[in-house]
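The values are calculated or read from the model by the stated rules, or taken from the named source; none is laboratory data. Keep in mind that what you see is a predicted model, and the values were worked out from it rather than measured. Cβ: placed from backbone, ideal geometry, glycine included. Neighbour counts: every protein chain shown.
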Amino acid sequence: MRQCGLSFSRCPVQLVQDLEATQVELGGLHARDQLAWAEERFGAQFAVTTSFGTQSAVLMHLLVGVAPKVPVYWIDTGYLFADTYRYAAELTSSLGLNLHVVQPELSPARMEALMGRLWESENPDDLVTYHRLRKVEPLDRALDDAGVSCWASGVRSRQTDNRAAMQPLERLRGRWSLRPLLGWSRRDVYYYMEEHQLPQHPLFEQGYSTVGDWHSSGPDDGQGRASRFGGRHQECGLHLPETLVEGAGI
């Protein structure tokens with residue numbers, strides 16, 4: 001593993017005190033070196049998340065190149081496309097991912113019986129509830145149970161207004177959030193997948209530039225997350241300090 005300029009031995013207090021400098025240093029490193037730093041810095045308390053969406057193969061490929069044993073957490077909301085389940089199986093097998101599947105406590109049928117089809121509601125609070133029950137609470141619970149203090153995700157700054165304001169490393173809901181691909185463009189993602197011959201999500205060829213739950217994703221003419229939930233919500237809550245309504249997204 002190639003050492004970067006960052007100190008691997010910084011204790012939590014030092015990391016907080018030196019956060020601004022660490023953010024600058026991380027921002028100048030390649031994504032694979034950011035992952036290597038986090039794995040060395042946090043050890044068994046480091047994990048990565050994935051959605052197995054149209055761009056997920058990049059972060060997974062980078063991870064197995066530097067830290068193949070790091071656990072990968074995937075939230076199965078119960079509303080994913082059949083193609084997503086098959087794509088997840090393909091990537092997990094071909095890359096040898098240490099995959100952990102996270103599921104909500106409420107089954108889709110039980111949630112719908114008690115609360116209705118929340119994603120169809122025009123009330124923003126219902127979408128907040130949906131994301132909290134299907135995504136945020138299950139992931140936070142799984143990371144808490146595993147003692148994870150830092151998790152990496154594949155968010156990019158050009159995806160939403162919220163993500164445009166992110167730093168490579170920040171505190172988020174009680175733990176560190178690392179974003180190795182924050183500065184990557186769609187073109188960067190495309191060329192990386194081409195260079196390494198990574199399989200694409202089957203729905204990409206059908207016009208889906210982003211893939212989430214079946215009821216909130218569709219062919220989008222390259223609009224990306226701006227098309228989620230008919231343009232009403234761009235964020236799922238996982239990458240926000242708390243699930244609050246922010247006008248066009250939570």
Checklist line | Test: residue in region 171-179 that is surrounded by 19 or more Cβ atoms within 10 Å (Cβ to Cβ), basic (Lys, Arg), under 23 Å from Gly65 (Cβ atoms) and in contact with a helix residue (DSSP H, G or I) (Cβ under 7 Å, 6 or more places away or on another chain) | finding: no
Checklist line | Complete set of residues in region 56-97 that are within 16 Å of the chain's Cα centre (by Cα) and either modelled with pLDDT under 95 or not in a helix (DSSP H, G or I) (or both) | finding: Val70, Pro71, Val72, Tyr73, Trp74, Ile75, Asp76, Thr77, Leu80, Leu97
Next item on the list: With the condition kept exactly as written, say whether any residue in region 112-122 is outside any helix (DSSP H, G or I) and touching a strand residue (DSSP E or B) at 6+ places or on another chain (Cβ under 8 Å).
Entry: no
Check: Restricting attention to region 140-170, which residues are part of a helix (DSSP H, G or I) and either surrounded by fewer than 22 Cβ atoms within 10 Å (Cβ to Cβ) or free of Cβ contacts under 8 Å to residues at least 40 places away in the same chain (or both)?
Finding: Asp140, Arg141, Ala142, Asp144, Asp145, Ala146, Asp161, Asn162, Arg163, Ala164
Check: Out of (1) surrounded by fewer than 17 Cβ atoms within 10 Å (Cβ to Cβ); (2) in contact with a helix residue (DSSP H, G or I) (Cβ under 8 Å, 6 or more places away or on another chain), the odd one out for Ala113 is which?
Finding: (2)
Note to self: Within region 1-23, take every residue that is surrounded by 12 or more Cβ atoms within 10 Å (Cβ to Cβ) and β-branched (Val, Ile, Thr) and give me the one that is modelled with the lowest pLDDT.
What the structure shows: Val16
Note to self: Can you pull out every residue in region 190-213 that is surrounded by 15 or more Cβ atoms within 10 Å (Cβ to Cβ) and either in a loop (DSSP other than H, G, I, E, B) or modelled with pLDDT under 90 (or both)?
What the structure shows: Leu198, His201, Tyr208, Ser209, Thr210, Val211, Gly212
Check: Can we say Glu105 is of a type in the set (Asp, Glu), surrounded by fewer than 18 Cβ atoms within 10 Å (Cβ to Cβ), at pLDDT 95 or above and not in a helix (DSSP H, G or I)?
Finding: yes
Checklist line | Lone unmet requirement of (1) crowded, with 21+ Cβ neighbours inside 10 Å; (2) without any contact (Cβ under 8 Å) to a residue 60 or more places away in the chain for Arg187 | finding: (1)
Next item on the list: Name every residue in region 171-194 that is farther than 20 Å from Asp161 by Cβ and in contact with a Pro (Cβ under 8 Å, 6 or more places away or on another chain), in order of residue number.
Entry: Leu178, Pro180
Note to self: Condition first: touching a residue at least 12 places away in the same chain (Cβ under 8 Å) and surrounded by fewer than 22 Cβ atoms within 10 Å (Cβ to Cβ). Now tell me which residues in region 121-135 satisfy that.
What the structure shows: Pro124, Asp125, Val128, Thr129, Arg132, Leu133, Lys135
Next item on the list: Consider only pairs whose beta carbons are under 8 Å apart and that are at least six residues apart or on different chains; among these, list those whose first residue lies in region 32-58 and is surrounded by fewer than 24 Cβ atoms within 10 Å (Cβ to Cβ) and whose second residue is of a type outside the set (A, V, I, L, M, F, W, C) and assigned to a helix (DSSP H, G or I).
Entry: Arg32/Gly65; Phe46/Glu39; Thr50/Ser56; Gly53/Thr84; Val58/Tyr192
Next item on the list: Could you grab me the full set of residues in region 84-105 that are within 13 Å of Thr50 (Cα to Cα) and among the hydroxyl-bearing types (Ser, Thr, Tyr)?
Entry: Thr84, Tyr85, Tyr87, Thr92
